[in-house]
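Only the coordinates and a few stated rules stand behind these numbers; no lab work does. Everything numeric here is computed off the predicted structure, so don't read it as measured data. A quick note on method: Cβ atoms are made from the backbone with ideal geometry, for glycine too, and the neighbour counts reach across all protein chains shown.
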Amino acid sequence: MLDSVTINQLSGKFVVGTLIFVRVSALFFIGPIFSHSSVQPKVKIGLSIVLAIMMTIAFGNEQPSFDMHLWSLTGLIFKELLVGAALGYAMNMIFYAVRFAGGLLDFDIGFQTALLFDQKADVPTLIGELKNMIALMIFLGMNGHHFMLEAMFASLRAVPLSEFAVTESAISLLIRLITTVTIIAIKIASPVLLSLFIMNVSLALLSRVAPQLNIFTLSMQFKVIVGLIVLFITIPLFLVVTKNAMSSFQSEAFSVVMALNPKR
């Protein structure tokens, strides 16, 4: 029969494994690749369980002991959710920027005209999805999935299970990342937006010269043509901006996690 010492050790391992599972699953549900709706929740949970077991075996002895009180464990679970979510949110920032840029282009070109008539219409952002798929391929080509695993394993040493606090530096880092996302989105969308702006000004001048022309109908057709042409011409620029942004966001993601440790 198992003695009380063995039972306490097993229960401690189980608690450590559960907390690690919460951190990993939060990353998978919010971070890049696995947060996409095409990935089934059972796949995310299954991978989280496998990784949690591996990480418990590798780092279980390095983690401090815990108070087994229900309220203490509930607080630790909530903390692990925040750590995993912060890491996943920071790593997913570049994809937010890409989708935001795609949404701007879709609306300006006219692919989301339905939203003008029905604000609740569930219209997918076509260019946003295209750019998101390209960004995902760049992410995988840069071994971003390897970085996700490395960051998750490294986070256990950077922020042990009992050492967590929402620090001022962590909040300022997240705010700075949000600002950076907006700047990157504007960089990605600016060539097409600028081209469409010039086209709109030209058509406005044309309507003054030849008011008999139906400029409104022509503008909708020209927007699609000009927008798509400039979009495909500027794909190399999009690749460069996205690749550089991903490189910087990988270091920023880990900086956010490091800032969650009040002892650093």
Problem - Order of 153, 28, 107, 14 under a 10 Å beta carbon neighbour criterion, fewest first - result: 14, 153, 107, 28
Problem - Sorted by Cβ neighbour density within 10 Å, fewest at the top, the residues 18, 56 - result: 18, 56
Practice task
Determine ³J(HN,Hα), in whole Hz, for all residues of region 92-103 in sequence, where each value follows from phi through the Karplus function 6.51 cos²θ - 1.76 cosθ + 1.60 and θ = phi - 60°; x replaces Gly and Pro.
Solution key: 8, 4, 4, 6, 4, 5, 5, 5, 5, 4, x, x
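Going highest first, how would you order 38-48, 74-84 by mean Cβ packing within 10 Å?
The peptides rank, most packed first, as 74-84, 38-48.
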Handout entry: Out-of-range pairs (alpha-carbon distance over 31 Å; input 187/223; 79/187; 13/243; 42/79; 13/131)
Key = 79/187; 13/243; 13/131
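Neighbouring Cβ atoms within 10 Å as the yardstick, rank 87, 156 fewest first.
On the way: 87 27, 156 21.
Ranking 87, 156 by Cβ neighbours within 10 Å, fewest first, gives 156, 87.
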Exercise for the section: Determine the relative contact order of region 4-259: mean sequence separation of Cα pairs under 8 Å and six or more apart, normalised by residue count, in whole percent. Expected result: 26
Exercise for the section: Please list, in chain and number order, the residues 5+ apart from residue 92 or on another chain whose amide H is under 5 Å from its amide H, with Hs placed from the backbone. Expected result: none
Exercise for the section: Over the alpha-carbon set of region 4-259, work out the extent along each principal axis and list the three values in angstrom, largest first. Expected result: 92, 33, 33
Fill in the blank from the handout: With a Förster distance of 25 angstrom and the Cβ-Cβ distance between residue 197 and residue 243, calculated FRET efficiency to the nearest 0.05 equals 0.40
